[in-house]
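Quick one: the structure is below, questions incoming.
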Amino acid sequence: MLEELERVERDYRSRSEYAKNLAKMPAQSSVKALEHRYGADLDEQSHGESFLALFQSRCVPGGLYLLDEPEAALSPISQLGLIAMIKDMAAKEAQFILATHSPILMAVPDALLLDFDQAPPCGTTYDELEHVQLYRSFLSDPEAYLHRL
């Protein structure tokens, strides 16, 4: 939206202030609506912070949320923040379905874990998940993996 306002400012440079203001109205309205809903200074937040703020603002008790690889937007510490939000909302009867490769997000307490690497998908435990085993192995001895590359 801010880019749109800058574009209008450039394109309408030689036009009257009235014409410029008319051209800016849709983008300004959108920016104001976003700032009203999510707070000012949207550009000052990281991608992960913006994601968490958006997620938190959209969560309602009893809601159903489908998240596809939310870790893509989140640092490890922000993933822990997402888990805290999920725990809080689950206590208010919200439900979450996450498709993730993140061992951090796979550790959501009391989660039903399904392994889709098998057909048909089946329930599993955290410690049995391939991603968890790989991360643990790698973190315990990175050189064992890196020297093969």
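Among the residues of region 98-137, how many are of a type in the set (D, E, K, R) and touching a helix residue (DSSP H, G or I) at 6+ places or on another chain (Cβ under 7 Å)?
1
To continue, here is another question. Quick one: in region 53-77, of everything that is outside any strand (DSSP E or B), in contact (Cβ under 8 Å) with a residue 24 or more places away in the chain and aliphatic (A, V, I, L, M), which residue is surrounded by the fewest Cβ atoms within 10 Å (Cβ to Cβ)?
V60
Here's something else I'd like to know. Can you tell me which residue in region 78-93 is farthest from Y135 (Cα to Cα), limited to those that are in contact (Cβ under 8 Å) with a residue 24 or more places away in the chain and either acidic (D, E) or in contact with a helix residue (DSSP H, G or I) (Cβ under 8 Å, 6 or more places away or on another chain) (or both)? Talk me through it step by step, then tell me what you get.
Quick first cut of region 78-93, residues in contact (Cβ under 8 Å) with a residue 24 or more places away in the chain only: 78-83, 85, 89, 92-93.
Okay, now just the ones that are also either acidic (D, E) or in contact with a helix residue (DSSP H, G or I) (Cβ under 8 Å, 6 or more places away or on another chain) (or both), so 78-83, 85, 93.
Numbers: S78: 18, Q79: 16, L80: 17, G81: 20, L82: 20, I83: 19, M85: 24, E93: 31 Å.
Applying the filter and picking the extreme gives E93.
Here is a follow-up. Considering only residues of region 89-135 that are in a helix (DSSP H, G or I) and of a type in the set (F, W, Y), which is surrounded by the most Cβ atoms within 10 Å (Cβ to Cβ)?
Among those residues, the one meeting the criterion is Y135.
If we scan region 41-52, do we find a residue that is surrounded by fewer than 13 Cβ atoms within 10 Å (Cβ to Cβ), at pLDDT 60 or above, part of a helix (DSSP H, G or I) and among the hydrophobic types (A, V, I, L, M, F, W, C)?
No, that holds for no residue.
Can I ask one more? Scan region 85-114 for residues that are in contact with a strand residue (DSSP E or B) (Cβ under 6 Å, 6 or more places away or on another chain) and of a type in the set (G, A, S) and report the count.
1
The values are calculated or read from the model by the stated rules, or taken from the named source; none is laboratory data. Treat the numbers as computed from the prediction; the structure is a model and nothing was measured. Glycine gets a Cβ as well: all are built from the backbone with ideal geometry, and neighbour counts include every protein chain shown.
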